[in-house]
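What follows is a single structure, written as structure tokens, with notes after it.
The values are calculated or read from the model by the stated rules, or taken from the named source; none is laboratory data. Owing to the predicted nature of the structure, the values given are computational and were not obtained by experimental measurement. Quick note on the areas: whole protein, heavy atoms, side chains included, nothing else; ligands and nucleic acids left out. Shrake-Rupley method; radii C 1.70, N 1.55, O 1.52, S 1.80 Å.
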Amino acid sequence: MQLDPNKMTDVVKRLKRAQGQLGGIIKMIEEGRDCQDIVTQLAAVSKAIDRAGFATISVGLRECMSAPDGSGNDLATMEKMFLSLA
């Protein structure tokens with residue numbers, strides 16, 4: 001199933017923000033910053049990526065349920081994708 005790019009703008013924004021955070025973390029490591037600061041930022045990036053994944057599944061579920069011709073993924077496939085993020 002192809003997702004509508006217009007419905008994925010929030011996910012893209014979230015991932016771009018996470019991309020920037022990753023760059024910041026790399027710089028922190030290269031500068032020898034404090035371990036606690038680095039781990040805090042890693043946790044924030046991890047959460048942002050997780051939320052992007054869940055938002056993607058949410059868009060997919062909505063599109064799957066609204067596919068009039070049954071062309072969307074079946075429930076078992078969507079469930080498997082959702083659980084892969086856990």
Next item on the list: Keeping all protein chains in position, work out how much accessible area Leu22 exposes to a 1.4 Å probe, and write it in Å² to the nearest 10.
Entry: 70 Å²
Next item on the list: Could you tell me the number of lysine pairs in the chain with C-alpha atoms less than 24 Å from each other, where the two lysines are 8 or more residues apart or belong to different chains?
Entry: 9
Check: Each residue of the range 6-11 in order: what ³J(HN,Hα) in whole Hz does its phi give by Karplus 6.51 cos²θ - 1.76 cosθ + 1.60, θ = phi - 60°, with x for Gly and Pro?
Finding: 5, 8, 9, 4, 5, 5
Next item on the list: Please express the Cα-Cα pair-distance distribution P(r) of the chain as a list of whole percents, one per 10 Å bin, running from 0 to the bin with the greatest distance.
Entry: 16, 36, 26, 15, 6, 1
Note to self: Out of the total accessible area of the chain (probe 1.4 Å, heavy atoms of protein only), what percent is carbon and sulfur?
What the structure shows: 57 percent
